[in-house]
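The values are calculated or read from the model by the stated rules, or taken from the named source; none is laboratory data. Keep in mind it's a predicted model, so treat the numbers as computed, not measured. Every residue, glycine as well, gets a Cβ built from its backbone with ideal geometry; the counts of neighbours run over all protein chains shown.
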Amino acid sequence: MSDVLIMAIESSCDETAAAVVKNGREVLSNVISSQIDLHTLYGGVVPEIASRKHIEKINQVTEQALTEAGVTWDDITAIAVTYGPGLVGALLVGVSFAKSLAWALKKPLIGVHHIEGHISANYIENKELEPPFMCLVVSGGHSHLVKVSDYGEYEILGKTRDDAAGEAFDKVARAIGLGYPGGPKIDKVSNEGNPLAMDFPRAKVVGNEYDFSFSGLKSAVLNYLNSMEMKGEPVSQADVAASFQQAVVDVLVGHSMRAIEEYGFNKFAIAGGVASNSHLRAAFEEACKERGVSFYRPSPIFCTDNAAMIGVAGYYEFMKGMRSDWDLNAVPNLKLGER
């Protein structure tokens, strides 16, 4: 059987990305044009600016991905693109571009779920990893605990009821004066702080023990900062960051390990931007080791938004015979498992 080469496009938020993936596991190129510097000026992602920047960059990153992979359009088997969830304007740029590309080249088009892409990032460097396994997806917009039964087959055991973990990181970072993006900055400054300095809450959600809630934790941090300000007492930025981060890590690890034990899995993976957090990775490493569970995590470059993960997910959808029609559209609130 000849090689299957997927050209993948990702534009769900503030990264314009393209990649060429061979046979679902080998990344021939992975080009990412980040807009972080642009959005830092505003303290977060501005959807209109993100969309305009995608339009500027998408042709450039796609051509670069093709060149770096050392292949031609004739070698490409299919075009895969993120069509949800994400910012609707940003998604539309990628979907419209991918549809035009597929139509002009007479190649199959495959719409890929963004979260499925994050889960699939684990296949890139862990060639031996195959379903079934448990996966925690934690990013700026998502906190999902997912049972991966097979390629493309998922069951969500728990998800956030309010703020996603990454969203909470950004809001707390802003409150303590670290700025945007919050995740990497809290991760770094926490190294100098005491994670036990403040006892911030670890929320439990009534009705589903695997669901997450981080808005109460965020409020507790803000209340603490306000009370210290009113009393005129100094605040240790590092201690607040470390204590907040510890509360998030405790909840994410606790929920995940409970699910691992209940469902009897011996493989566990993490994915998404927050999965690059060094303290979270270390905590999962230890928790999995204690239970004899194999732990998988992508390199940080494959945790944040990228097109290689979309190419991997697209490959498995392609091999299952999934094809998207020309009416494929951006679906900003697309649920995992939906089509």
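Working only within region 111-159, note down all residues that are acidic (D, E), in contact with a Pro (Cβ under 9 Å, 6 or more places away or on another chain) and within 20 Å of S299 (Cα to Cα).
Of all residues in region 111-159, those acidic (D, E) come to 116, 125, 128, 130, 150, 153, 155.
Still in the list and also in contact with a Pro (Cβ under 9 Å, 6 or more places away or on another chain): 125, 150, 153.
Answer for region 111-159, where residues must be acidic (D, E), in contact with a Pro (Cβ under 9 Å, 6 or more places away or on another chain) and within 20 Å of S299 (Cα to Cα): just E125.
Being among the hydrophobic types (A, V, I, L, M, F, W, C) and either surrounded by fewer than 20 Cβ atoms within 10 Å (Cβ to Cβ) or not assigned by TED's automatic domain parsing to the domain that holds C288 (or both) is the filter here, so list the residues in region 233-256 that pass it. So that I can check it myself, show each step before the final result.
Within region 233-256, the first condition is being among the hydrophobic types (A, V, I, L, M, F, W, C), and the residues that meet it are 235, 238, 240-242, 244, 247-249, 251-253.
Within region 233-256, V235, A238, V253 qualify.
Are any of the residues in region 167-185 over 19 Å from the mean Cα position of the chain (by Cα), surrounded by fewer than 18 Cβ atoms within 10 Å (Cβ to Cβ) and assigned to a loop (DSSP other than H, G, I, E, B)?
Yes, region 167-185 has at least one match.
Restricting attention to region 258-273, report how many residues are surrounded by 19 or more Cβ atoms within 10 Å (Cβ to Cβ) and not in a loop (DSSP other than H, G, I, E, B).
The number of residues fulfilling the criteria is 8.
Confirm whether E209 is assigned to a loop (DSSP other than H, G, I, E, B), on the phi < 0 side of the Ramachandran plot, charged (D, E, K, R) and touching a residue at least 40 places away in the same chain (Cβ under 8 Å). Please lay out each step first, then the result.
Working: assigned to a loop (DSSP other than H, G, I, E, B): yes; on the phi < 0 side of the Ramachandran plot: yes; charged (D, E, K, R): yes; touching a residue at least 40 places away in the same chain (Cβ under 8 Å): yes.
When the stated conditions are applied, E209 passes them.
Looking at region 253-279 only, could you name the residues that are hydrophobic (A, V, I, L, M, F, W, C), modelled with pLDDT of 95 or more and under 18 Å from the mean Cα position of the chain (by Cα)?
V253, F268, A269, I270, A271
Which condition does M134 not pass, out of (1) assigned to a helix (DSSP H, G or I); (2) at pLDDT 95 or above; (3) not aromatic (F, W, Y), if it passes all the others?
Going through (1) assigned to a helix (DSSP H, G or I); (2) at pLDDT 95 or above; (3) not aromatic (F, W, Y) one by one, M134 breaks only (1).
One line per residue, one yes/no per condition, for (1) closer than 19 Å to L92 by Cβ; (2) of a type in the set (G, A, S); (3) buried (at least 19 other Cβ atoms within 10 Å of the Cβ):
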| residue | (1), (2), (3) |
| --- | --- |
| E26 | no, no, no |
| S33 | yes, yes, no |
| H39 | yes, no, yes |
| V46 | yes, no, no |
| E56 | yes, no, no |
| A65 | no, yes, yes |
| E68 | no, no, no |
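Are any of the residues in region 54-69 touching a Gly at 6+ places or on another chain (Cβ under 8 Å), assigned by TED's automatic domain parsing to the domain that holds C13 and either closer than 20 Å to I301 by Cα or among the hydroxyl-bearing types (S, T, Y) (or both)?
We begin by selecting, within region 54-69, every residue touching a Gly at 6+ places or on another chain (Cβ under 8 Å); these are 54, 58.
Now narrow it down to the ones that are assigned by TED's automatic domain parsing to the domain that holds C13: 54, 58.
After this cut, where a residue has to be either closer than 20 Å to I301 by Cα or among the hydroxyl-bearing types (S, T, Y) (or both) as well, the list is 54, 58.
Within region 54-69, one or more residues are touching a Gly at 6+ places or on another chain (Cβ under 8 Å), assigned by TED's automatic domain parsing to the domain that holds C13 and either closer than 20 Å to I301 by Cα or among the hydroxyl-bearing types (S, T, Y) (or both).
Go over the candidates A90, A50 one by one and state the one that is at negative phi, out of contact with any strand residue (DSSP E or B) (no Cβ under 6 Å at 6 or more places or on another chain), modelled with pLDDT under 90 and assigned to a helix (DSSP H, G or I).
Working: A90 fails: modelled with pLDDT under 90.
Of the residues listed, the single one that is at negative phi, out of contact with any strand residue (DSSP E or B) (no Cβ under 6 Å at 6 or more places or on another chain), modelled with pLDDT under 90 and assigned to a helix (DSSP H, G or I) is A50.
For every residue, the table says whether it meets (1) on the phi > 0 side of the Ramachandran plot; (2) surrounded by 14 or more Cβ atoms within 10 Å (Cβ to Cβ); (3) without any contact (Cβ under 8 Å) to a residue 60 or more places away in the chain.
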| residue | (1), (2), (3) |
| --- | --- |
| G292 | yes, no, yes |
| S299 | no, no, no |
| F302 | no, yes, no |
| N306 | no, yes, no |
| G314 | no, yes, no |
| E317 | no, yes, no |
| D327 | no, no, yes |
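Just one of the numbered conditions (1) surrounded by 20 or more Cβ atoms within 10 Å (Cβ to Cβ); (2) in the same structural domain as D239 (by TED's automatic domain parsing); (3) out of contact with any strand residue (DSSP E or B) (no Cβ under 6 Å at 6 or more places or on another chain) is not true of N194; which one?
(1)
Here's a check for you: in region 93-151, which residue that is crowded, with 17+ Cβ neighbours inside 10 Å and of a type in the set (K, R) is nearest to I6 (Cα to Cα)?
Looking at the filtered set, the residue picked out is K107.
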